[in-house]
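A short write-up of the structure that comes next.
The values are calculated or read from the model by the stated rules, or taken from the named source; none is laboratory data. Because the structure is a prediction, the values reported are computed rather than measured. So basically every Cβ, Gly included, is an ideal-geometry build from the backbone, and we count neighbours across all protein chains shown.
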There are 2 protein chains.
Amino acid sequence: MARKQAARPFALRPRLADVARDAGVSTMTVVRVLRDPDKVAKITRERVTASLRKTKYTPDLVARALVSRRSGIVGAIVPTLANSLIAEVMQGMTAELALHEQQLIVGTSTYSARHEEALVRSFLSRRVDAIYLTGTSHTPETVKLLKAAGVPVVEGGNLPQTPIDLAVGLSNFAAAGSVVEYLLARYGTNIGFLGGSTTNNDRMRDRRHGFRKCLARAGARVDPRYVIEVPISMAGGRTGIGALLALDRPPRAVFCATDVIAAGAVLECRRRSIDVPGDVAIAGYDDLDIASELVPSLTTVRSPRYEIGRKSAQLMHLCLTGNRPQQSIFDLGFVLMARESA
Amino acid sequence: MARKQAARPFALRPRLADVARDAGVSTMTVVRVLRDPDKVAKITRERVTASLRKTKYTPDLVARALVSRRSGIVGAIVPTLANSLIAEVMQGMTAELALHEQQLIVGTSTYSARHEEALVRSFLSRRVDAIYLTGTSHTPETVKLLKAAGVPVVEGGNLPQTPIDLAVGLSNFAAAGSVVEYLLARYGTNIGFLGGSTTNNDRMRDRRHGFRKCLARAGARVDPRYVIEVPISMAGGRTGIGALLALDRPPRAVFCATDVIAAGAVLECRRRSIDVPGDVAIAGYDDLDIASELVPSLTTVRSPRYEIGRKSAQLMHLCLTGNRPQQSIFDLGFVLMARESA
DNA sequence: TTCCGCGATGTTAGCGCATACATCGCAATA
DNA sequence: TATTGCGATGTATGCGCTAACATCGCGGAA
């Protein structure tokens, strides 16, 4: 039976059949013009092209996804978007995805592995071509689902021991160690540490661990009073540096596990007219925007967050085009930003 | 012809038909169990439910979208995700969308109306249920496409004169005016202004305009040397406040069109041991994280960015459920955050 | 001339789901 | 008893696209 015009009252958009009718060819010919034009005779091609323009045809990607089993959509699950580091990862990912006409669908897990699992289910139902997860801690069910789904999975951020599939990121441990080494070389072993809570936070744990290991390797003993846990805020940095400076023998340098803490520490020192780095050197972690804006500007370490997003998308694309890399863990390293504060 | 098992080698996921076969019913009965279980007899329902669990069925949302003409996906186009204000809007949007089992697909236009247009095309091809746009300046073609598409469109952020469809946001003009009024009441008419470039930036333009109008309404004349355009950075704030303080009669208060500029100004004053707000009061705009962290904490004005995202998603949902509101412009206002700096 | 080969185009059959309509059986009603 | 009504379930169709196969027609080789 011929398709009745009246049968689709809501379909305003032209379909392939409409273009085909207009050009006086079959739908397949239109498809060929769209996908590999070389297989269509020049005259026909031009006629079809004209009809395409005339009808303002745009492909229906939903229908295409149904039959081609490629949605062209990549799912990313992040704890929150209101975090500049994570946002930059997404920024890098969208940039790379755009090159392959892929789209990004984001879900926010609000730091809950349960929510993450729900989002994974939902994404798989949507037949996403690949999935990006933030971090390395997931429910067992999430892991199972993903392994069964057979789609590329990238875990981004802090590198896991055993990735679900692929992993892209850096070692917080190594990056922290690098900062401490820098401080060691310039200020000796008399180094303090201000970090946030390590519960449910593997990055924080790795940074503190990096600090400890690095000092140990240098043969230095860490005074327990030198390692202080504070809230991750400028206020935390203020009180933390206050506590360190109040010691009978205050540290010559302080490694803050976050720029936010470091900024608070620097500002507090300035308030007390304590010279940074003259009296006490201060280094941070993250290279947030404020790091370079502070006076003195903050010595810190920068994770390649934009690159993590970009690389993740690249890897996904490679997998989807059958060029799966041998390697499964991609350590993108970090950059020590030596500035004025240390 | 009966479906051959061997005919779908790649389809690992169970379909409705698989569940139906297992439960010994037709696919329609399974659909009913899924969508409105009341219409199915209890015994049947339980049998189907068991089969659903057994087969681990998950609906294929792509297929569903094709036939139901609802993708359950909302598209958002933002200039960048690497901006905490925008990220918070997205945060609010995902939170609200999650309530309706909708998903967010984001595109970054990198502040280019051309890119935005391409993203709109792409989103429409994906049959998104609604579209969120950041800001009010779009190509004519974008507007045409969106009006023709017949999907709800929300423009978020600074409120437009004539929205494409719906608009949610606040008046930068009014918000800036509110800060200036606050300064007027406390420090008199002797007020300076530090703002960024207004080219291609309607928000900045509105804020400056708000500053001017407010002073004019108070009967004050604005010394042209009091209005300075600086780069939107702390450094900009530093040099800007420096220039104002170097005047023979420096302003008693300064309104900075961005917290970043304000922060630079405050820090510069502290460096020079100029009391804030004792010698000069400083107010900002945006209520970034640093605003409350600074010493003195920054008086500023806060846009309801999270709420903008949430409200936008709510409106979309209302439209999609046939409850389109009368109103088309939603002014969510702003909050003056009176703190220490002014 | 006859037939082959191949470039150019068309036809068929679903992808997995949901809408619209059809059917069945049983209890209540006239 | 025949009829009606309705709750419970099934069948047919097609969303818009594409993979796989089918067909057509024309120039060149036998």
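Pull up region B:55-104, narrow it to residues that are within 16 Å of DNA strand C (Cβ to nearest atom) and over 20 Å from A:Asp60 (Cβ atoms), then point me to the one that is farthest from the chain's Cα centre (by Cα). Quick ask: steps written out before the conclusion?
Just the residues of region B:55-104 that are within 16 Å of DNA strand C (Cβ to nearest atom), to begin with: B:55-73, B:100-103.
Subsequent filtering for residues that are over 20 Å from A:Asp60 (Cβ atoms) retains B:55-58, B:100-101.
Working: B:Thr55: 41, B:Lys56: 37, B:Tyr57: 36, B:Thr58: 32, B:His100: 18, B:Glu101: 19 Å.
Of everything passing the filter in region B:55-104, B:Thr55 is farthest from the chain's Cα centre (by Cα).
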Search result, residues across region A:35-61 that are within 14 Å of chain B (Cβ to nearest Cβ) and near DNA strand D (Cβ under 10 Å from one of its atoms) | A:Tyr57, A:Thr58, A:Pro59, A:Asp60, A:Leu61
Subset of region A:127-173, residues among the β-branched types (Val, Ile, Thr) and closer than 18 Å to A:Cys319 by Cα, comes to A:Val128, A:Ile131, A:Val151, A:Val153, A:Val154, A:Ile164, A:Val168
Conditions (1) more than 9 Å from DNA strand D (Cβ to nearest atom); (2) modelled with pLDDT of 90 or more; (3) of a type in the set (A, V, I, L, M): number failed by B:Leu66 = (1)
Determine whether A:Gly107 is under 20 Å from B:Ile73 (Cα atoms) and either within 16 Å of DNA strand C (Cβ to nearest atom) or of a type outside the set (A, V, I, L, M, F, W, C) (or both).
-> yes
A:Gly236: under 23 Å from A:Val335 (Cα atoms), crowded, with 17+ Cβ neighbours inside 10 Å and in contact with a helix residue (DSSP H, G or I) (Cβ under 7 Å, 6 or more places away or on another chain), yes or no?
-> no
Just one of the numbered conditions (1) without any contact (Cβ under 8 Å) to a residue 60 or more places away in the chain; (2) within 12 Å of chain B (Cβ to nearest Cβ) is not true of A:Arg127; which one?
-> (1)
Within region A:191-214, track down each residue that is over 28 Å from A:Gly156 (Cα atoms) and either modelled with pLDDT under 95 or among the hydrophobic types (A, V, I, L, M, F, W, C) (or both).
-> A:Ile191
What are the residues in region A:9-34 that are within 12 Å of DNA strand C (Cβ to nearest atom) and either within 14 Å of chain B (Cβ to nearest Cβ) or at pLDDT below 90 (or both), if any?
-> A:Pro9, A:Phe10, A:Arg15, A:Leu16
Mind checking whether some residue in region B:131-148 is surrounded by fewer than 21 Cβ atoms within 10 Å (Cβ to Cβ), free of Cβ contacts under 8 Å to residues at least 12 places away in the same chain and within 13 Å of chain A (Cβ to nearest Cβ)?
-> yes
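Test of understanding: among B:Arg69, B:Arg32, B:Arg47, B:Arg13, which residue is more than 28 Å from A:Val151 (Cβ to Cβ), in contact (Cβ under 8 Å) with a residue 12 or more places away in the chain and among the charged types (D, E, K, R)? Give the derivation first.
On the way: B:Arg69 fails: more than 28 Å from A:Val151 (Cβ to Cβ); B:Arg32 fails: in contact (Cβ under 8 Å) with a residue 12 or more places away in the chain; B:Arg13 fails: more than 28 Å from A:Val151 (Cβ to Cβ).
One residue alone meets the criteria, B:Arg47.
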Which condition does B:Ala216 not pass, out of (1) farther than 19 Å from B:Ile282 by Cα; (2) under 22 Å from the mean Cα position of the chain (by Cα), if it passes all the others?
-> (2)
Quick check: anything in region B:320-328 touching a Pro at 6+ places or on another chain (Cβ under 7 Å), touching a residue at least 24 places away in the same chain (Cβ under 8 Å) and surrounded by fewer than 17 Cβ atoms within 10 Å (Cβ to Cβ)?
-> yes
If you scan region B:289-322, which residues turn out to be more than 10 Å from chain A (Cβ to nearest Cβ), in contact with an Asp or Glu (Cβ under 6 Å, 6 or more places away or on another chain) and of a type in the set (D, E, K, R)?
-> B:Arg302, B:Arg310
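For region A:239-253, what are the residues that are part of a loop (DSSP other than H, G, I, E, B) and within 31 Å of the chain's Cα centre (by Cα)?
Selection gives nothing.
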Would you pick out the residues in region A:183-207 that are surrounded by 14 or more Cβ atoms within 10 Å (Cβ to Cβ) and farther than 21 Å from A:Tyr111 by Cα?
-> A:Leu183, A:Leu184, A:Arg186, A:Tyr187, A:Thr189, A:Asn190, A:Ile191, A:Gly192, A:Phe193, A:Leu194
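Where in region B:254-339 are there strands (runs of 3 or more DSSP E), lying fully within it, with 1 or more residues that are of a type in the set (Phe, Trp, Tyr) and more than 19 Å from B:Leu183 (Cα to Cα)? Write out each step before concluding.
On the way: elements: B:281-283, B:300-302, B:329-331, B:335-337.
In region B:254-339, B:329-331 are the strands (runs of 3 or more DSSP E) which contain 1 or more residues that are of a type in the set (Phe, Trp, Tyr) and more than 19 Å from B:Leu183 (Cα to Cα).
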Mind listing whichever residues of region A:70-87 are more than 7 Å from chain B (Cβ to nearest Cβ), closer than 8 Å to A:Val106 by Cβ and not small (Gly, Ala, Ser)?
-> A:Ile77, A:Val78
Filtered residues of region B:88-119 (kept if facing chain A (nearest Cβ under 10 Å) and within 12 Å of B:Glu307 (Cα to Cα)) = B:Glu88, B:Val89, B:Met90, B:Gln91, B:Gly92, B:Met93, B:Thr94, B:Ala95
